Amino acid sequence: MAQAWPTLKRLYLNDFSARLLDWYDAHRRDLPWRSDTPDAYAVWLSEIMLQQTTVAAVMAYYRRFLTRWPDVRALAAVEDAEVMREWAGLGYYSRARNFLAAARMMAAEGFPVDEAGWRQLPGVGRYTAAAVAAIALGQRAVVVDGNVKRVVARLFIVETPLPAEDEIYRLTDAITPGERAGDFAQAMMDLGATVCTPRSPKCLLCPVRAGCRAYRQGNPTDYPRRSPKKARPERTATAWWIERGEGVALVRRPPKGLLGGMLGLPVSEDAGAGERLGQVTHVFTHFRLTLDVRRGTEIALDGDVEWWPRETLDEAGLPTLFRKAVTIAMQEDANVRSGG
DNA sequence: GATGCGTGGTT
DNA sequence: TAACCAAGCAT
């Protein structure tokens with residue numbers, strides 16, 4: 001009888017993963033990075049792009065990127081600026097820089113063969129290393145993203161506020177099967193994205209609700225517990241519209257920090273003097289920025305300046321903040337010229 | 001462990 | 001509409 005509980009537990013867990021995998025086989029989303037013969041480079045690229053970024057936003061970027069640079073050797077050969085341009089608008093630009101750096105290493109050394117090896121690459125953390133190992137290498141790994149945290153927190157009514165890393169990794173480890181760990185991970189993520197959603201979970205469609213403690217309690221949306229969030233501070237700055245015969249001045253931003261490595265309009269932190277062409281507000285994760293766009297003339301331009309004819313600005317690969325600023329500036333500039 | 005790092009969709 | 005949230009990582 002000493003074996004009874006472990007046996008029941010094992011049966012329950014096998015039942016859980018079996019139910020979930022059956023559901024996945026029937027309902028899985030058809031996504032461009034899903035394949036019966038997964039390619040490590042493609043899976044890796046998708047995982048990087050999907051970090052804190054919605055599937056819908058990633059789709060077009062992923063296709064373009066993979067078409068243009070279909071393997072690690074092709075990517076390793078291109079210049080930084082080209083990759084940053086391709087990433088423009090997707091956000092979290094250090095991802096692109098790290099991905100390119102890692103690709104150059106791997107073009108020389110080959111791909112890591114296990115989770116620990118992947119974990120060493122720049123831009124590859126605990127989640128991504130596990131996801132690539134499970135999905136691309138077919139190895140068992142414990143894959144925990146935001147979806148999994150929510151699903152697990154509800155299944156086991158985790159009372160610890162997020163991130164609750166230790167607890168959730170331990171619980172996820174306990175329900176991860178030895179076979180099809182990659183499909184299991186993707187099943188958990190699909191479940192979180194389509195059924196066990198943050199606001200209005202569709203519990204009646206859930207294949208594992210029978211084993212869900214939050215469902216039994218009747219309050220799934222109370223999980224995961226969260227700590228109160230901080231207020232978002234307001235900041236202001238001035239962006240300069242400097243146009244000459246050759247075009248508009250764009251500067252390459254320093255590699256680290258906000259919009260690191262991207263092209264942008266020259267910016268000064270203090271309020272500047274000069275004709276105001278407009279104002280844009282942009283919400284970042286940790287602050288809200290109001291940007292005055294002013295016409296500049298003799299502003300000191302530090303660092304690398306590129307002059308882009310205004311008709312070509314669409315192809316410069318500007319991050320969204322500066323795309324907005326450029327649009328405003330050109331509209332107002334046109335008004336000034338026509339209206340007087 | 002807390003903070004900095006983008007952007008767009010949903011409610 | 002403001003808040004919330006999304007296949008996180010580096011420091």
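Throughout, read-outs are computed from the coordinates displayed, never taken from laboratory work. Predicted, not measured: the structure shown is a model, and the values here were computed from it. So basically every Cβ, Gly included, is an ideal-geometry build from the backbone, and we count neighbours across all protein chains shown.
Highest mean packing comes first when the peptides A:151-160, A:242-251 are listed by Cβ atoms within 10 Å, giving A:151-160, A:242-251. Could you tell me how many degrees, from 0 to 90 and to the nearest 10, lie between the Cα long axis of helix A:55-68 and the main elongation axis, the longest principal axis, of the Cα atoms of chain A? Long axis of A:55-68 versus the principal axis of chain A: about 70 degrees. Projecting the Cα positions of A:Ala237, A:Gly182, A:Pro255 onto the charge dipole of chain A (unit charges on Cβ atoms of Lys, Arg, Asp and Glu, taken about the Cα centre) puts A:Gly182 furthest along the positive direction. Dipole magnitude for segment A:4-222: computed about the Cα centre from +1 point charges on Lys and Arg Cβ and -1 point charges on Asp and Glu Cβ, it is near 580 debye.
Per residue, the convex hull spanned by the Cα atoms of chain A amounts to 172 cubic angstrom. Sorting A:Cys196, A:Cys203 by the number of Cβ atoms found within 10 Å of their own Cβ, with the fewest placed first, yields A:Cys203, A:Cys196. Using a/c under 1.5 as the rounded threshold, could you call segment A:111-168 rounded, prolate or oblate? The axes a ≥ b ≥ c are square roots of the C-alpha gyration tensor eigenvalues, and prolate needs a/b larger than b/c, oblate otherwise. Prolate, since a/c reaches 1.5 and a/b exceeds b/c. Taking label positions 7 Å along the Cα-Cβ direction at both A:Ala108 and A:Thr312, the computed distance is 3.2 nm, reported to one decimal. Each of A:Val55, A:Phe16, A:Pro319 was placed along the dipole of chain A (beta-carbon charges, centred on the mean Cα), and the one lying farthest toward the positive end is A:Phe16. Taken about its Cα centre, segment A:219-274 carries a charge dipole of about 460 debye when Lys and Arg each add +1 at the Cβ and Asp and Glu each add -1 at the Cβ. Placing dummy labels 7 Å off each Cα toward the beta-carbon, the span from A:Arg235 to A:Asp71 is 4.2 nm.
GNM remark for chain A: springs join alpha carbons under 10 Å apart, and the peak mean-square fluctuation among A:Ala96, A:Ala81, A:Ala131 falls on A:Ala81.
Looking at this model, which pairs from A:Lys149/A:Lys324; A:Lys202/A:Lys324; A:Lys149/A:Lys230; A:Lys202/A:Lys230; A:Lys230/A:Lys256 are more than 26 angstrom apart at the alpha-carbon? Those over the limit are A:Lys149/A:Lys324; A:Lys202/A:Lys324; A:Lys202/A:Lys230. The simple Förster model, with R0 at 22 Å and r as the Cβ-Cβ distance, assigns A:Arg63 and A:Arg28 a FRET efficiency of 0.70. Considering only alpha-carbon pairs that sit under 8 angstrom and 6 or more positions apart, the relative contact order computed for chain A is 16 percent. Axis of helix A:165-175 versus longest Cα principal axis of chain A: the two differ by about 50°, to the nearest ten degrees.
Only the Cβ atoms of Lys and Arg (+1) and of Asp and Glu (-1) were treated as charged; on that basis the dipole of segment A:130-274 about its Cα centre amounts to roughly 420 debye.
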